[in-house]
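Participant: Pasting a structure here, questions to come.
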Amino acid sequence: MYKTTISKFKPPLATIFLIPPTVTLCFIAFFSVNAPLGDQWDLVSLFEKVLTGKADFEDFFAQHNEHRTFFPKLIFVGLALISNWNIKYELYFSVFLVGMTFLLLYKLSLLEGRNNFSNSKHLTNFLTCILLFSIIQYENWLWGYQLLWFLINACLAVAVLIIASSNNFPKRLYLAAIPCFIASFSAAHGLLTWLAVMPSIASIKGSYRQKTIRITVWILLLIGTFTIYFIGYQKPSYHPDTLLFLKHPLGTLYYFFTLLGAPIVYHANIPLIVKTLGAILFSTFFLLIFYFVKYKSKFNFSLEIAPWVSIGLFAILFALITTLGRLGYGESMSSRYTTCSILLVVAVAHLWRLSFSRNVFITSIFIGFIFMNSINRIPPTIALHQQRLAGETCLELIKFINNLEHSCLEKTILPPPLTSQLRKLSGILEEIGFRKFPKDVSFITEPAKNYGHLDSPPTEGTLITVSRNGTLDVAGWASLPDSQEIPNIVLFSYGDRKSFFADALVNPNSPIVDTTPNSIQFNKVEWSANISFESLPPGETVIQAWVYEPVGKQFIKLDGEIKVNVVE
C-alpha cells in the first residue's frame, strides 16, 4: 500500500487550493438571503414537532416529492436548533461538504503508485477544486435545501475511497455500503451511488469466485436498500410520463448531453454547443477507459482508473435518470443539475492525466471554460439575489399583505397553490421562535424626504373607472434616501387601510440619476406593476403606493395617488 498521508500537501500548494473555496464563501456571504424558499417550507412542521417532542421516525422517513430525505432532515433540524433556522448556516454547511469531497478526491489521487506529487497531478487536482467550488452551481450555493446534493457527492467520494484504500475486503465492502445508504436516503439520485461504485468493486483483485461473491453481496445490499426506499412509495401525480423518451428519442439525447455539457459552457442562446460538449465529454470518458485498459495494462487498474470510472459513471447515471424523469418538463439549463454532472469533468480530467501524463494544455482549457462559465452565471445570480431580497421583505411584512396568492410572496417565496399556507406556516415559525414578524409598523404619509413617486397613470385628481375583474398598469420610482440600499418592493393600499392589496418588485437594473446640479443618486429605481382590483369593494377609493423602510420599521408613502371608481 502506498503512503497516502496528506503531509506532503505543502503550504504554498494548500494556499492555492484555498482560493476556490474562499471565492465561494465570499459569493455566499454577498448573495445569500436568510429567507426560506420553496421546499424549505415543508420543514416547518417538522421543526414544530421536534421542538414539541412529537416527532417520530415517520416524520423523517416520509416521502418528499420522489425523494426520501431522512439524513438531510437530521442536518436541517440540527442546524435550525443551533441557529434559530438561519438559512445561511445551511449554505455554509454545503461548503463544508464540498471541502470534504475535495479532500477525499485529493486523497484518492494520492493512492496511485506513480508520480504521486507531479505537476500534472497538482494541476488536475486544482481543476477538481475549481469545479467542485465553481459558481456554475449558483442555485445550489444559494438555496439551503440543496445541501443534499453536496451530501450525496461527498458520500460517493467516501464510498469510492474506502473501496480503493482498504486491504480488508469484507470490511471495506460493508463500510462503503454505509455512505451509499446515507446517499440513498438523502435524495432519489443517491440510489445511483450503489451502481456507480460497482466498477471499483469489480476491479479488486481476486479469483472469479471471489469477484462473483463481492458483486453478489453488493447487489443484495443494493436490493435491500431499494426495498426499504420504496416502502409506501407513491409516484407524484404531477410527474411527466417516464416513457416519453420513446416518442422523442432525438430530444432525449439532446437533453442528456445538455446536462453533461452544462458545467463547461452555459448559454441558453447556443444550446448546440452545450450538447456537443456534453457528447464529447461522454465519448471521451469511455474512450479513455478503453485506451487505458488496452494500452496501459501494466499499471494497477483498481488503484488508478477504477475510482475515477465510478466518479464519472455516477454523473452519467444521474444525467440519464434525470433525462428520463424530467424530459416532459422541457429542456432545462438549470444550474442545480451541474453539481452532479461536474463529476464527469473531474473523472475525464483524471483519466486523461493517467492515460497521457502531459495534460497541462487540456487542463488549462478546462479551467478557462469553467472560469468563463462562472462569470456567465453572475448576471442571473444578481437577478436571483434581488428576487430573494424582495421575498425576504415580503415575508417580513406578511401580516400586512391581504392577498397572498397574488402577492410578491407567490413570486419569490413559495409558488401557487402552496402560497395560501404561508400565513399558517409563518405563524408556526413565530410560535417556535424561529422568526419574528413586525405587527406595529408606522405609516408615514408626509415624510420629510422624497421616497419616490407614483408617475403612471398621470391622472392625479382624475377619477378612473375600473372593473373589479380588470387591471391597471401603474409605474413610478422609489428610493430610500437615508440608505445606500434600494427598496425591494413597492406596496399598494386603498382608502385609509393599513394593509396592502397589491405590490410590485422594483427593477434594480434601472437606477435613476438625479438631475439636480452636482447631485448623482443611484439608489433610485424604477418599478411597474399591473394591479388587480378583485379584492377591492365597489365604489370610489384612492390608491396609494408605499415603500418599507426596514431600519425604522415604517411604511413611507410615495408622492402621488390614483382615484378610482371600482364597478362590478
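Where a number appears in this text, it was derived from the coordinates with a stated rule and is not lab data. Given the structure is predicted, the values throughout are model-derived calculations rather than measurements. Note that we place each Cβ from the backbone using ideal geometry, even for glycine, and neighbour counts take in every protein chain shown.
Participant: Along the Cα→Cβ direction, 7 angstrom out, place labels at Leu195 and Thr52. What is the inter-label distance in nm?
Facilitator: Going by the 7 Å Cα→Cβ label model, 4.2 nm.
Participant: Just list whichever of Lys449/Lys557; Lys411/Lys439; Lys524/Lys557 have alpha carbons separated by over 19 Å in the model shown.
Facilitator: On the way: Lys449/Lys557 11 Å; Lys411/Lys439 23 Å; Lys524/Lys557 15 Å.
Violating the 19 Å Cα-Cα cut-off are Lys411/Lys439.
Participant: So for the pair Phe286, Ala448, with labels modelled 7 Å out along Cα→Cβ, what separation do we get in nm?
Facilitator: The answer from the label model is 7.3 nm.
Participant: Quick one: if you stick a label point 7 Å off each Cα along the C-beta vector at Ile464 and Arg497, how many nm between them?
Facilitator: 1.6 nm
Participant: Which of the cysteines in the chain are isolated, no other cysteine C-beta under 4.7 Å?
Facilitator: Cysteines of the chain left without a disulfide-compatible partner: Cys26, Cys129, Cys155, Cys180, Cys340.
Participant: Once you have the Cα-Cα distance between Ile82 and Leu418, take 0.36 nm times their residue separation minus that, and quote the gain in nm to one decimal.
Facilitator: Length gained between Ile82 and Leu418: 118.2 nm.
Participant: Would you mind calculating the relative contact order of segment 11-381 from Cα pairs under 8 angstrom and at least 6 residues apart, reporting the percent as a whole number? Kindly include the intermediate steps, with their values, before the conclusion.
Facilitator: On the way: 476 pairs, mean separation 78.7, N = 371.
RCO, segment 11-381: 21 percent.
Participant: Between Val23 and Glu561, what length comes free when the chain is fully extended (0.36 nm per residue of separation minus the Cα-Cα distance, one decimal in nm)? Intermediate values should be presented prior to the final figure.
Facilitator: On the way: separation 538, 0.36 × 538 = 193.68 nm, distance 4.60 nm.
Value of the extension gain: 189.1 nm.
Participant: What is the packing order of peptides 424-432, 392-400, taking the mean over residues of other C-beta atoms within 10 Å and listing the highest first? Could the numbers behind the result be given before it?
Facilitator: Numbers: 424-432: 16.2, 392-400: 21.2.
Peptide ranking by packing, descending: 392-400, 424-432.
Participant: ³J(HN,Hα) across segment 536-550 via Karplus (A = 6.51, B = -1.76, C = 1.60, θ = phi - 60°), whole Hz, x for Gly/Pro?
Facilitator: 8, x, x, x, 7, 7, 10, 9, 10, 10, 9, 10, 9, 9, x
Participant: Another question about this same structure. Working only with C-alpha atoms, what are the Rg and Dmax values of the chain, expressed in angstrom?
Facilitator: In Å, with Rg to one decimal and Dmax whole: 27.4, 92.
Participant: Now for a separate question. Within 10 Å of each residue's Cβ, count the other Cβ atoms and sort Thr363, Thr193, Thr258 from fewest upward.
Facilitator: Details: Thr363 20, Thr193 32, Thr258 23.
Result, fewest neighbours first: Thr363, Thr258, Thr193.
Participant: Could you calculate the contour length gain from Leu320 to Asp59, that is, 0.36 nm times the residue separation minus the distance between their Cα atoms, to one decimal place in nm?
Facilitator: Numbers: separation 261, 0.36 × 261 = 93.96 nm, distance 3.03 nm.
Gain in length upon complete extension: 90.9 nm.
Participant: Using packing as a proxy for protection, rank 526-532, 205-211, 18-24, 404-410 so that the peptide with the highest average count of other Cβ atoms within 10 Å comes first. Please report the intermediate quantities before stating the final value.
Facilitator: On the way: 526-532: 18.4, 205-211: 10.3, 18-24: 16.3, 404-410: 20.6.
The peptides rank, most packed first, as 404-410, 526-532, 18-24, 205-211.
Participant: Rounded to the nearest 500 deg cm²/dmol, what is the calculated helix-only ellipticity per residue at 222 nm for the chain, with -39500 (n - 2.57) per DSSP H run of length n ≥ 4?
Facilitator: On the way: 22 runs with 289 residues, N = 568.
Only helices count here, giving -16000 deg cm²/dmol.
Participant: Exposure proxy check: Val466, Val551, Val564, Val360 ranked by fewest other beta carbons within 10 Å?
Facilitator: Working: Val466 18, Val551 9, Val564 21, Val360 12.
Least to most surrounded, the residues fall as Val551, Val360, Val466, Val564.
Participant: A further question on this structure: Mind putting a number on the dipole of segment 441-568 about its Cα centre? Charges go on the C-beta only, +1 for Lys and Arg and -1 for Asp and Glu, and I need it in Debye to the nearest 20.
Facilitator: Details: 8 positive and 16 negative charges, 42 e Å.
Result for segment 441-568 is approximately 200 debye, rounded to the nearest 20.
Participant: Considering the dipole of the chain built from charges on the beta carbon (Lys and Arg +1, Asp and Glu -1) around the Cα centre, which of Ile464, Thr225, Ser528 is farthest to its positive end?
Facilitator: Final value for the positive-end residue is Thr225.
Participant: For the ranges 52-62, 212-222, what's the packing order if you count other beta-carbon atoms within 10 Å of each residue, average per peptide, and put the highest first?
Facilitator: My ranking of the peptides, most packed first, is 212-222, 52-62.
Participant: Please work out the Kirkwood hydrodynamic radius for segment 441-568, using every pair of different C-alpha atoms, and report it in angstroms with one decimal place. Provide the component values of the computation, followed by the final result.
Facilitator: Values: mean 1/r = 0.0664 Å⁻¹.
Kirkwood hydrodynamic radius for segment 441-568: 15.1 Å.
Participant: Given charges of +1 on the Cβ of Lys and Arg and -1 on the Cβ of Asp and Glu, with all other atoms neutral, how large is the dipole of segment 11-381 about its Cα centre, in debye to the nearest 20?
Facilitator: Values: 25 positive and 13 negative charges, 288 e Å.
It comes to approximately 1380 debye.
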